[in-house]
Amino acid sequence: MPSLTEYGYVVVQVARRGNGQSFGVRRGYNDRTEDDDAYEMKEWLARQPWSNETVGIYGCSNTGDAAMHA
């Protein structure tokens, strides 16, 4: 991931609800609040002055589930 910044990408790591530094409580797999969280985060990133409004998401295993929710 760090090498992406050399190509002008902004790399953002987001902790899922109730995980790591994130507030809130995760209610298990297929928690629909994660859809809302992901939408809000994508919209916020796209509105930043340094953004070209293109946001990519990736993940594998559990974080892949979060990416699929998004």
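The values are calculated or read from the model by the stated rules, or taken from the named source; none is laboratory data. Predicted model, so just to flag it, every value in this text is computed and none were measured. Glycine gets a Cβ as well: all are built from the backbone with ideal geometry, and neighbour counts include every protein chain shown. These accessible areas exclude ligands, DNA and RNA; they are computed on the full protein's heavy atoms, side chains included. Shrake-Rupley method; radii C 1.70, N 1.55, O 1.52, S 1.80 Å.
Can you spot a residue in the stretch 43-54 that is within 16 Å of His69 (Cα to Cα), within 10 Å of the chain's Cα centre (by Cα) and surrounded by 10 or more Cβ atoms within 10 Å (Cβ to Cβ)? There is no residue in the stretch 43-54 that is within 16 Å of His69 (Cα to Cα), within 10 Å of the chain's Cα centre (by Cα) and surrounded by 10 or more Cβ atoms within 10 Å (Cβ to Cβ). Scanning the stretch 25-42 for residues that are open to solvent by 100 Å² or more (accessible area, probe 1.4 Å) and within 15 Å of the chain's Cα centre (by Cα) turns up Arg32, Tyr39, Glu40. Residues in the stretch 1-24 that are under 17 Å from Cys60 (Cβ atoms) and polar (S, T, N, Q) were compared, and the one that is most open to solvent (accessible area, probe 1.4 Å) is Gln13. For the residues Ala46, Ala38, Ala67, the requirement of being in a helix (DSSP H, G or I), in contact with a His (Cβ under 6 Å, 6 or more places away or on another chain) and not acidic (Asp, Glu) singles out Ala38. For the stretch 55-64: of the residues being loosely packed, with under 14 Cβ neighbours inside 10 Å and in a helix (DSSP H, G or I), which is modelled with the lowest pLDDT? Among them, the one singled out is Asn62.
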